[in-house]
Amino acid sequence: MNLGPSDRLQPILEAVKTMVRDDVTPLEAEYFAEVEVGDRWTLTARQSEILEGLKSKAKAAGLWNLWSAKTGHQLSTVDYAYLAEEMGKAHLGPETFNCNAPDTGNMEVFEKYGSDEMKAEWLAPLLEGRIRSAYLMTEPDVASSDATNISLSCVRDGDDYVLNGEKWWATGAGDPRCAVYIVMVRTAVNGPKHQQHSMIVVPSDTNGIEKLRAMQVYGDDEAPHGHMHIRFTDVRVPAENMLLGEGRGFEIAQGRLGPGRIHHCMRAIGMAERALELMCKRSLAREAFGKPLAQLGGNFDYIANARMQIEQARLLCLKAAWMMDQGDARAAAPWISQIKVEAPRIALEITDQAVQMFGAQGISQDTPLARQWAHLRTLRLADGPDAVHRRQVARAELRRYTQEKI
């Protein structure tokens with residue numbers, strides 16, 4: 001089991017690392033300051049200039065669509081883990097290289113399951129970074145951690161499907177560049193519970209779609225990207241927009257969520273590294289009670305534990321990535337669940353300790369820590385809450401001792 005970066009990856013990794021450090025990170029504070037200029041849900045000229053400038057530089061350097069085995073550098077999941085870690089160190093990092101969620105997952109769906117027409121209309125501009133997309137699954141009135149509860153109605157009517165219901169936490173749907181949604185819907189009320197749902201492609205400007213509000217993450221609406229609460233009222237979508245066919249939503253979801261979950265975890269490792277770096281620099285630069293902060297209280301222990309936790313989480317993440325590379329999704333699933341619990345939890349803990357080291361400044365806009373903390377806490381719910389993934393890990397462990405269904 002080789003968990004190290006390949007020789008082919010090394011120059012790509014160095015280039016990504018350098019660009020994140022020298023080009024992306026220095027522009028983040030200016031980008032977020034622009035959110036308060038004019039309409040929060042419209043990119044300002046300066047924001048567009050920052051984003052498009054970074055993306056153009058990444059394209060020119062051949063550092064584009066690195067996530068894709070078909071259009072990128074044909075990297076293994078293990079190799080990509082190292083790149084995602086570097087991208088995770090900057091909030092704008094993933095989009096700079098067109099490796100951002102939820103677009104990578106949606107591009108995979110279009111690539112694996114979309115028709116030729118869908119690929120031309122939606123996949124091509126997504127791969128070029130000209131548009132953004134959203135994935136609509138979670139609903140306000142059901143426990144969406146059990147996706148069999150999803151209830152947004154999708155009924156065939158002639159050559160169309162008609163959608164009625166609500167979705168929320170539609171990440172990226174507030175972005176003015178978001179042109180298309182992939183929506184998990186209910187197309188049947190009887191039959192096997194994992195064959196009652198489907199996925200359908202819905203252009204974001206379709207009549208009957210209403211953005212009710214932006215969901216706030218610990219008081220921040222995360223404009224201009226955002227997480228929207230959306231209502232569908234008699235939304236008519238051509239029947240050919242159905243992916244694969246009725247009743248195949250869970251089949252598509254498993255193909256989409258596995259890679260998406262592990263990508264989040266890879267980036268979380270990078271966030272933990274950034275938090276530890278900030279914590280160490282702060283602990284050496286500031287003094288209190290006549291000593292550097294590093295020498296006060298249990299700060300040595302916090303720093304040491306953080307390093308050990310990061311190394312453990314990275315190895316688990318790489319093991320999950322290696323399992324995915326073997327091509328057996330069922331065997332990889334418990335490992336993905338393990339890292340989906342551990343990576344955000346560990347990164348959140350280290351980020352919180354870094355906040356403590358910075359004091360009041362740590363919860364302000366003057367460091368990236370507050371935004372990072374909120375993102376990581378959210379990640380412990382996104383793509384399945386901790387309890388659901390622990391349940392999957394426990395079931396896999398118990399199956400080693402019994403043949404009965406658990």
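Could you work out the relative contact order of the stretch 4-100? I mean the mean sequence separation of Cα pairs under 8 Å and 6+ apart, divided by the number of residues, in percent. Write down the numbers at each step before the final one.
Working: 88 pairs, mean separation 38.6, N = 97.
With pairs under 8 Å counted, the relative contact order is 40 percent.
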How large is the accessible surface per residue of the stretch 31-112, computed with a 1.4 Å probe and reported in Å² as a whole number? 36
Of the listed values [x] 23.2; [y] 21.4; [z] 20.2, identify the label whose number matches mean projected area of the Cα convex hull in nm² calculated from this model. [y]
Just 328, 160, 234 to compare: in a GNM of the chain, with alpha carbon springs under 10 Å, which one fluctuates most? 328
Pick from 172, 38, 290 the residue whose mean-square fluctuation is largest in a GNM of the chain, springs joining Cα atoms under 10 Å. 290
Exactly which GluC sites (Glu not before Pro) in the stretch 309-406 are in a DSSP loop and have at most 16 other Cβ atoms within 10 Å? 404
What ranking, highest mean first, results for peptides 239-246, 181-188 when packing means the other Cβ atoms within 10 Å averaged over each residue? 181-188, 239-246
Once the in-chain neighbours fewer than 8 apart are removed, the lysines whose Cα is under 16 Å from residue 211 read 167
So, taking all protein chains as they sit and a 1.4 Å probe, how much accessible area belongs to residue 291, in Å² rounded to tens? 100
Among the lysines, which fall within straight-line cross-link reach of residue 57, defined as a Cα-Cα distance under 20 Å, with same-chain neighbours fewer than 8 residues apart omitted? 17, 89
Taking the Cα centre of each part, how many Å lie between the stretch 192-270 and the stretch 298-345? 26
Could you sort 251, 28, 34 by their accessible area in this structure, using a 1.4 Å probe and putting the largest first? 251, 34, 28
Which order do the peptides 140-147, 330-337 take when ranked by the mean count of other beta-carbon atoms within 10 Å per residue, highest first? 330-337, 140-147
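What net charge do the residues around residue 357 carry, taking every other residue with its C-beta under 11 Å from that of residue 357, with Lys and Arg at +1 and Asp and Glu at -1?
Numbers: positive: 281, 282, 286; negative: 352.
Combined, the nearby Lys, Arg, Asp and Glu give +2.
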What are the aspartates and glutamates whose alpha-carbon lies under 17 Å from the alpha-carbon of residue 281, with same-chain residues fewer than 8 places away excluded? 273, 301, 352, 366
The answer for the stretch 268-405, accessible area per residue at 1.4 Å probe in Å², is 55
GNM on the chain, Cα springs under 10 Å; top mean-square fluctuation among 372, 338, 254 goes to 254
Determine the sum of side-chain charges near residue 50: Lys and Arg each +1, Asp and Glu each -1, restricted to other residues whose C-beta is under 12 angstrom from that of residue 50. -4
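Let me have the 222 nm mean residue ellipticity of the chain computed from DSSP H runs of 4+ only, each contributing -39500 (n - 2.57), with the sum over all residues rounded to the nearest 500. Walk me through the numbers before you get to the answer.
Working: 12 runs with 185 residues, N = 406.
Mean residue ellipticity at 222 nm (helix-derived): -15000 deg cm²/dmol.
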For 113, 135, give the ranking by accessible area with the largest first, probe 1.4 Å. 113, 135
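The values are calculated or read from the model by the stated rules, or taken from the named source; none is laboratory data. Computed from a predicted structure; not experimentally measured. Glycine also receives a Cβ, built like all others from the backbone with ideal geometry; neighbour counts cover every protein chain displayed. The protein model used for the area step is the full one, side chains on, heavy atoms only, and it has no ligands, DNA or RNA in it. Shrake-Rupley method; radii C 1.70, N 1.55, O 1.52, S 1.80 Å.
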